[in-house]
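Q: Just dropping this structure here.
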Amino acid sequence: MKRTLAVALASLLGAAPLSSAAGAPAVAVAPAGLAGLQAALNQRVAAQPGTGIVVGVIDGGATHVYIAGSAGNGRPLDAHTLFEIGSVTKTFTATILASMVRSGAVKLNAPISAYVPPGIHTPSKAGRAITLLDLAEQRSGLPRLPDNMGNADINDPYAGYGNAEMFAFLNGYRLTRAPGAKFVYSNYGLGLLGQLLARAAKTSYAALLQTRVLDPLGMHATVLETPGLKEGPRFAIGHDLSGRPVAPWHFEAIAPAGALRSDLDDMLKYLRCNMGVGPLAATCRFAQRPRANGAPGHRIGLVWWINKRTGNVWHGGDTAGFHAAVAIAANRRLGVVALSNGPLIEDVVTHVLEPKYPIALCPTAPLAPAQSDPQRYGGLYCNAASGMLFRVAPGPRKGTLTIALAPQPAFTYAQVAPDRFYEKTYRALIVFARQGANVVGLRLEQNGQEVPCLRIGANGTPMVAQLPSALPTAVVLAPALLAQYVGTYVFAPGVRFHVTLEGSQLAARLTGQPSAPIYASAKDRFFYKVVDAQLTFERNAAGSVDAVVLHQDGRTLLGKRSTASP
């Protein structure tokens, strides 16, 4: 639900406004303020048929609605189209907590041991027990995800993980740091918080959410995504950043961290509450009160993030095919909610609160000659649907490139194979695509996402309409080198990747799937022929293979080598 996308992008919300360097091709942006917002949204969704964005802005007493694109389901996109809102769900769990604290039902500093089932041990460290506040501030010491998710489906990762598994993990977990010591984003921790609050209220999380938040705010369209939920006609079709439709996610125990579906009409009601208007206004504001240090540049309240520079309050959410964000200006007079079934919306939300911050659109101006050599990598690459614009230039050393996701700084990528460059710190792979001898685009593969970007030609337009696809050229590696890759790699709890060697042929098998041969394109680089998938093996400082990265179907998965036999 929380993702790091692109080079080092945690979130653009509240970031300092940046502009293009002098002499560099300008990024096309919407006019400052709301004047160009509709046109910018139209341009973003035009690149991916079937996708859309809805935005609601409350400015003083006025409400403005912007709708662009398609729901992808054959029905018109409107304020009643349902979207997955991912981790924005966490703020609803925070609102429940705030409501229960203000009513005296629970206390923020109550240890979670007061609410767990009988016989469940709750971990502690250095004499410090985990409290409800620790879970809400994501400073509990619990990990991002539990390690007992079983045979998790990477296409629906939270389905089938129930309360029994949740409390079994808690019962056996040993903290590596004291509660309250450090902020670590935790889907497990927020899921646990919601289930503990339900136990304190002697009801289900769904019922508690309904009575404490949804009913008081009149949010009658908002529902929890669970395995038995049927997709209604108003539910949008999600898309990944390559524009491919993806299946929805479903939840059980982790539902309080990311399972809500909502529409713009309901989310505007929620936005008003968080701007200090309506029956739960004091409760919503209570949840936003800054309490501790959170992610870099932010304080954290009860789940909500507060930007240290601007005072803006916000939270985003992402699933496989949807993006959502809610943000409120420090003065509480301006607020925005944006929902998408494919295109990214972080810069859109930031632009509403900080008009100098650009909504990135693909450039249309002619490029400088130095950036238009079609057989070299240097130049601009853009994905219109995500608003991602990459600037590529020669690196500081032979075999390197500097690649910047505007407006972020550049990072150095090392060449790992022909037309392939890798940045190890953020595990980002850039694969350049050629048509003949000319470089016509790139694909960013990182953290479960693939972003295809078309290269902007000398005339300011994309060089091709879509990226070509081709298998790499196979090379022969020595048997001793092939043997170094043999082993078991763990992608996720219950998801293992077994690499074996028979004669001179490597093969790989993912949990629950048959084995298939893999072929080398270079040292540490392999590909499949039976499916469109590639592997990058990583080495530690001693030169030993200690991890593998699988790139497939728009997903990038990291597997750490284990001691288990294949």
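Q: Determine if the stretch 485-497 includes at least one residue that is over 30 Å from Ala542 (Cβ atoms) and touching a residue at least 12 places away in the same chain (Cβ under 8 Å).
A: Scanning the stretch 485-497 turns up no residue that is over 30 Å from Ala542 (Cβ atoms) and touching a residue at least 12 places away in the same chain (Cβ under 8 Å).
Q: Kindly provide the set of residues from the stretch 278-318 that are part of a loop (DSSP other than H, G, I, E, B), surrounded by 19 or more Cβ atoms within 10 Å (Cβ to Cβ) and either acidic (Asp, Glu) or in contact with a Ser or Thr (Cβ under 9 Å, 6 or more places away or on another chain) (or both), ordered by number.
A: Selection gives Leu280, Leu302, Val303, Trp304, Asn312.
Q: Would you check which residues across the stretch 257-288 are under 16 Å from Ala79 (Cα atoms) and of a type in the set (S, T, N, Q) and list them?
A: Ser262 - this is the single residue of the stretch 257-288 that is under 16 Å from Ala79 (Cα atoms) and of a type in the set (S, T, N, Q).
Q: Something else about it: If I filter the stretch 108-163 down to residues being out of contact with any Lys or Arg (no Cβ under 8 Å at 6 or more places or on another chain), in contact (Cβ under 8 Å) with a residue 24 or more places away in the chain and hydroxyl-bearing (Ser, Thr, Tyr), which single residue comes out as surrounded by the most Cβ atoms within 10 Å (Cβ to Cβ)?
A: Restricting to residues being out of contact with any Lys or Arg (no Cβ under 8 Å at 6 or more places or on another chain), in contact (Cβ under 8 Å) with a residue 24 or more places away in the chain and hydroxyl-bearing (Ser, Thr, Tyr), the top hit is Ser140.
Q: Can you give me the ranges of the strands (runs of 3 or more DSSP E) entirely in the stretch 414-481 with at least 3 residues that are under 16 Å from Leu389 (Cα atoms)?
A: 428-435, 438-446, 449-455
Q: Being without any contact (Cβ under 8 Å) to a residue 24 or more places away in the chain and either touching a Pro at 6+ places or on another chain (Cβ under 8 Å) or crowded, with 21+ Cβ neighbours inside 10 Å (or both) is the requirement here; does Gly378 meet it?
A: yes
Q: Residues Lys230, Lys202: which one is of a type in the set (D, E, K, R) and modelled with pLDDT under 95?
A: From the options Lys230, Lys202, the qualifying one is Lys230.
Q: So Thr511 ticks every box in (1) modelled with pLDDT of 85 or more; (2) surrounded by 12 or more Cβ atoms within 10 Å (Cβ to Cβ); (3) not aliphatic (A, V, I, L, M) but one. Which box is left unticked?
A: So the condition that Thr511 fails would be (1).
Q: Within the group Val45, Val54, which residue is in contact with a helix residue (DSSP H, G or I) (Cβ under 6 Å, 6 or more places away or on another chain) and either assigned by TED's automatic domain parsing to the domain that holds Ala247 or part of a strand (DSSP E or B) (or both)?
A: Only one candidate passes the filter, namely Val54.
Q: Filter the stretch 413-427 down to residues that are farther than 15 Å from Leu535 by Cα and either outside the structural domain of Gln375 (by TED's automatic domain parsing) or of a type in the set (Phe, Trp, Tyr) (or both) and give me whichever is surrounded by the fewest Cβ atoms within 10 Å (Cβ to Cβ).
A: Tyr426
Q: Residues that are at pLDDT below 90, within 30 Å of Phe432 (Cβ to Cβ), touching an Asp or Glu at 6+ places or on another chain (Cβ under 8 Å) and not basic (Lys, Arg): does the stretch 316-330 have at least one?
A: Scanning the stretch 316-330, I find at least one residue that is at pLDDT below 90, within 30 Å of Phe432 (Cβ to Cβ), touching an Asp or Glu at 6+ places or on another chain (Cβ under 8 Å) and not basic (Lys, Arg), so the answer is yes.
The values are calculated or read from the model by the stated rules, or taken from the named source; none is laboratory data. Computed from a predicted model, the values in this text were never measured in an experiment. Quick reminder, even Gly has a Cβ in these numbers, built from the backbone with ideal geometry, and neighbours come from all protein chains shown.
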